[in-house]
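Structure first, then comments.
The values are calculated or read from the model by the stated rules, or taken from the named source; none is laboratory data. All values derive from a computational prediction rather than experimental measurement. Don't worry about glycine lacking a Cβ; one is built from the backbone with ideal geometry, like all the others, and counts go over all protein chains shown.
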Amino acid sequence: MNSDNGIYTFDDSKDSMKVIVYHISQEDKKLLALANRKKHKITIIINSLSEATVHFAEAKDAVIIIDQENLVSNRLIFKLISFGIRYFIFRFQEQAPVDVSIIQDAGLKYITITDSTFKISSIIKILDAWEKSD
């Protein structure tokens with residue numbers, strides 16, 4: 001695991017999905033790393049997705065946004081799509097603060113998780129399924 005300024009990268013994968021996770025707790029970070037089993041290249045950003053952090057998603061395949069406090073603007077979604085993001089996972093306690101119609105219109109895959117009992121480790125299963133479907 002590499003760390004620099006609150007950015008953590010689990011870079012043990014070969015030809016796997018490149019994933020970025022925004023706003024993850026320390027506990028969930030550990031659980032995600034264990035569940036990943038060195039399969040996907042996961043970059044973790046402790047901060048929320050914003051204009052200041054969106055550039056970290058360049059050259060990634062998937063983005064995971066956890067408990068975003070602010071609205072994910074259409075501008076941010078368009079930026080993510082322009083970076084080549086094909087898969088979106090939103091994990092929120094309530095309604096996701098994002099307009100998913102942009103993602104739908106672009107023909108990209110997404111899932112919104114509002115169930116607080118949904119295990120963070122299950123996100124790896126979603127990524128695995130998407131990877132196999134390509």
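Selection within the range 97-134: residues that are surrounded by 13 or more Cβ atoms within 10 Å (Cβ to Cβ), assigned to a loop (DSSP other than H, G, I, E, B) and of a type in the set (A, V, I, L, M, F, W, C). The member of this set that is nearest to the chain's Cα centre (by Cα) is Ile120. So, of the residues in the range 36-45 that are closer than 15 Å to Ile120 by Cβ and of a type outside the set (D, E, K, R), which turns out to be surrounded by the most Cβ atoms within 10 Å (Cβ to Cβ)? Here the residue is Ile42.
Determine which member of the set Ala62, Ala57 is small (Gly, Ala, Ser), within 15 Å of the chain's Cα centre (by Cα), buried (at least 20 other Cβ atoms within 10 Å of the Cβ) and farther than 18 Å from Ala33 by Cα. Give the derivation first.
Details: Ala62 fails: farther than 18 Å from Ala33 by Cα.
Only one candidate qualifies: Ala57.
When Glu51 is tested against (1) modelled with pLDDT of 95 or more; (2) among the acidic types (Asp, Glu); (3) crowded, with 18+ Cβ neighbours inside 10 Å, just one condition goes unmet, and that condition is (3). Selection of the range 65-96 for residues being under 24 Å from Lys119 (Cα atoms) and either among the small types (Gly, Ala, Ser) or exposed (fewer than 15 other Cβ atoms within 10 Å of the Cβ) (or both) yields Glu69, Asn70, Leu71, Gln93, Glu94, Gln95, Ala96. Determine whether the range 74-87 contains at least one residue that is in a strand (DSSP E or B), farther than 13 Å from Val21 by Cα and touching a Leu at 6+ places or on another chain (Cβ under 7 Å). No - not one qualifying residue is present in the range 74-87.
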